[in-house]
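Here the structure comes first, spelled out in structure tokens, and everything after it is commentary.
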Amino acid sequence: MRYLIFANGDIENYADVLAYVNADGQKKIIACDGGLRHTHAISVCPNIILGDLDSAPPELLQIYANVPRKKFPARKDETDLELAVDFALDNGAGEIFIFGGASASRLDHTLANVQILYRALKRNVRAEIIGSHGRIFLASGETVLRAKAGSLISLLPFAGEPNITTRGLEYPLCAEKLLPGTARGVSNVFVEDEAELNVEDGAVIVILPKWGNGATSQSSAG
């Protein structure tokens, strides 16, 4: 089951979002608090509205009064997006795509949301933050990446001391560690339409900049 989670961050291009909404296959949509304004903007009724509901416009809550909702107190340890990801994981998510999970004005939220991706990785579920910046996900184990040759990709250490091997990138890594405190993995380049990434002893952040680079991915998290 694919879950599409709409958070309250920036979404600049709804056309790209609709490509995921209209894709074949079973899917469920979570409006995460103020993310309800995004689902409303693309005329999509969510399957559930979730969060403390302090940022969801009251008029939209009234419009979608018949949609199931799961409300949490405003004073809590988890963010609304964290709760939404947990809900998806606990209800059969096979993959999770997060829209509005990155914000130019709230870098703290963006970095926290990257941390939340680790919850899915630990349960072998593919999860990505998708936006005008491009796509962000975590990788551990073997991952196949597909993109147009010439597309950029950045690999940053996230957990442990990841030992990395790549194929199909301009600057290859061969059983080499990317350690905290280094930016070595920034701005690598696809030299083929398919690249392979193998990460042992940890996890890395994978960033595929910009919607227009044509990148897609298939991953086996673990």
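So here's what we get for this one:
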read-out: Within the range 1-69, strands (runs of 3 or more DSSP E) holding 2 or more residues that are touching a residue at least 24 places away in the same chain (Cβ under 8 Å), assigned by TED's automatic domain parsing to the domain that holds N91 and more than 27 Å from A104 (Cβ to Cβ); value: 27-32
read-out: Boolean, A147 is over 27 Å from A41 (Cβ atoms), at pLDDT below 95 and touching a Gly at 6+ places or on another chain (Cβ under 6 Å); value: yes
read-out: Residue among A74, A112 that alone is assigned to a loop (DSSP other than H, G, I, E, B), among the aliphatic types (A, V, I, L, M) and surrounded by fewer than 22 Cβ atoms within 10 Å (Cβ to Cβ); value: A74
read-out: The range 90-108 - residue that is farther than 24 Å from G134 by Cβ and not charged (D, E, K, R) and, of those, surrounded by the most Cβ atoms within 10 Å (Cβ to Cβ); value: N91
read-out: Residue list for the range 56-75, filter: touching a Gly at 6+ places or on another chain (Cβ under 9 Å) and closer than 17 Å to H38 by Cα; value: A56, P57, R69
read-out: Residues satisfying the stated conditions in the range 125-139, i.e. modelled with pLDDT of 95 or more and either part of a loop (DSSP other than H, G, I, E, B) or of a type in the set (S, T, N, Q) (or both); value: V125
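The values are calculated or read from the model by the stated rules, or taken from the named source; none is laboratory data. Predicted model only: the values in this text are computed from it and were never measured. When we count neighbours, we look across all protein chains shown, and the Cβ atoms used for this are built from the backbone with ideal geometry, even at glycine.
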